[in-house]
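A short worksheet on the structure shown next.
Please treat every number below as a calculation from the coordinates, not as lab data. These numbers come from a predicted model, not from an experiment. Heads up, the Cβs are rebuilt from the backbone with ideal geometry, glycines too, and the neighbour counts pull from every protein chain shown.
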């Protein structure tokens, strides 16, 4: 399958002809060999001029792009105003809890508090990204954001239920595995013949390797064998899987959402199936945005269902006793309002 005009614009047609003509001569060794030094320089300058002029044809008006994106978000939110109102009310309240905890942690938090509260802050950041994806009509992008959100919620929930200093120490130390992997891959890239000419700065691997080996000797040879080996004392085995953390934290019922999100995150047929019309194999519009589609609401429901137990545990652990019931009532009310709206919207 071949086509004309794959990248052409009306403004570029004459420039393309000039570009092709110049390159026809520049790629002809016999022609180039007969040219004088002055002629070669003029040809080089003409080539640069035509190439730069071509690039100018494809420059965008950033204001138009921003306006288009904003209109897309306005349309999606306006079409689904009530459910976005309830969803954003819930997420904004969670954001307030996170911000208040970060402020408190700066003043009087322990090391355990710091790890938990920073993880919660990261979760809220992912929630913000999911929210933006939905507003712009990309439920598949929102599900990809939710997958990362969910993994962080599960891990943070495990940590929130633990008061064992050794667990938090191992959680911190396990990061040396990723640190070493990044450094090793960077050095592999830096010394690649195709990259070597760029003279990227080297990194002292000895310090990283020594730290890595010291932690492995302290915690055992299996400590770096998996992504979640830091939780071995909680789960009761050396090599811990995410599924085991998920079950332990009480999130197994959300596995369906995780499978859907994983389908959107990995390369497979499901990524394009939603955009195909199979009557004669007609390809739909892959660039279209969803303005009113039930798929928009699934990431919302998944986000609230996964975040809610963590937020309630944070309220229980960090609220003053006299405010706990009030805070829990507010969160429960916001969650209920969302799901009542969801029922009205999809039924």
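How far, in degrees from 0 to 90, does helix 13-26 lean away from the longest principal axis of the Cα atoms of the chain, to the nearest 10?
70 degrees
Sorted by packing (mean other beta-carbon atoms within 10 Å per residue), highest first, where do 120-127, 183-190 land? List each step's numbers first, then the result.
Numbers: 120-127: 19.8, 183-190: 13.4.
Output ranking for 120-127, 183-190: 120-127, 183-190.
So how far apart, in nm, are the two label points at residue 209 and residue 312 if each is 7 Å from Cα heading toward Cβ?
Spacing of the two 7 Å Cα→Cβ label points: 5.1 nm.
Counting only helical runs of four or more DSSP H residues, what would the 222 nm mean residue ellipticity of the chain come to if each run contributes -39,500 (n - 2.57) and the total is spread over all its residues?
Details: 17 runs with 251 residues, N = 347.
One gets -23500 deg cm²/dmol as the mean residue ellipticity at 222 nm.
Which of 201, 139, 299 ends up with the largest GNM mean-square fluctuation for the chain, with Cα atoms connected below 10 Å?
201
Roughly how many nanometres apart are two label points built 7 Å out from the Cα toward the Cβ at residue 172 and residue 200?
Using points 7 Å along Cα→Cβ, the separation is 3.0 nm.
Report, in degrees rounded to the nearest 10, the 0 to 90 angle that the Cα long axis of helix 175-190 makes with the longest principal axis of the chain.
That works out to roughly 10 degrees.
Sort 89-95, 205-211 by packing, meaning the average of other beta carbons within 10 Å per residue, with the highest value first. Let's see the in-between values first.
Working: 89-95: 18.4, 205-211: 12.3.
Ranked by mean Cβ neighbours within 10 Å, highest first: 89-95, 205-211.
Taking the number of other C-beta atoms within 10 Å as the exposure measure, put 230, 146 in order starting with the fewest.
Details: 230 26, 146 33.
Arranged by neighbour count, lowest to highest, 230, 146 become 230, 146.
Full-extension gain between residue 24 and residue 52, please, as 0.36 nm times their residue separation minus the C-alpha to C-alpha distance. Walk me through the intermediate numbers first.
Working: separation 28, 0.36 × 28 = 10.08 nm, distance 1.80 nm.
Length gained, residue 24 through residue 52: 8.3 nm.
Please tell me the relative contact order of the chain in percent, rounded to the nearest whole number, where contacts are Cα pairs under 8 Å and at least six residues apart. Spell out each step's value before the answer.
Working: 262 pairs, mean separation 71.5, N = 347.
It rounds to 21 percent for the chain.
What is the spin-label model distance, in nm, from residue 13 to residue 31 if the labels are put 7 Å beyond Cα along the C-beta direction?
Going from the residue 13 label point to the residue 31 one covers 2.3 nm.
On full extension of the chain, what length is gained from residue 104 through residue 259, given 0.36 nm per residue of separation minus the C-alpha to C-alpha distance? Working shown, then result.
Working: separation 155, 0.36 × 155 = 55.80 nm, distance 3.65 nm.
Extending this stretch completely gives an extra 52.2 nm.
What is the Cα centroid distance between region 125-200 and region 236-260, reported in whole angstrom?
With region 125-200 and region 236-260 each reduced to a Cα centre, they are spaced 18 Å.
Roughly how many Å is it from the Cα centre of region 204-232 to that of region 53-117, as a whole number?
The two parts, judged by their Cα centres, are 36 Å apart.
Please find the FRET efficiency linking residue 73 to residue 242, where r is the Cβ-Cβ separation and R0 is fixed at 30 Å, and quote it to the nearest 0.05. Write down the numbers at each step before the final one.
Working: r = 33 Å, r/R0 = 1.09.
The pair residue 73/residue 242 has a calculated efficiency of 0.35.
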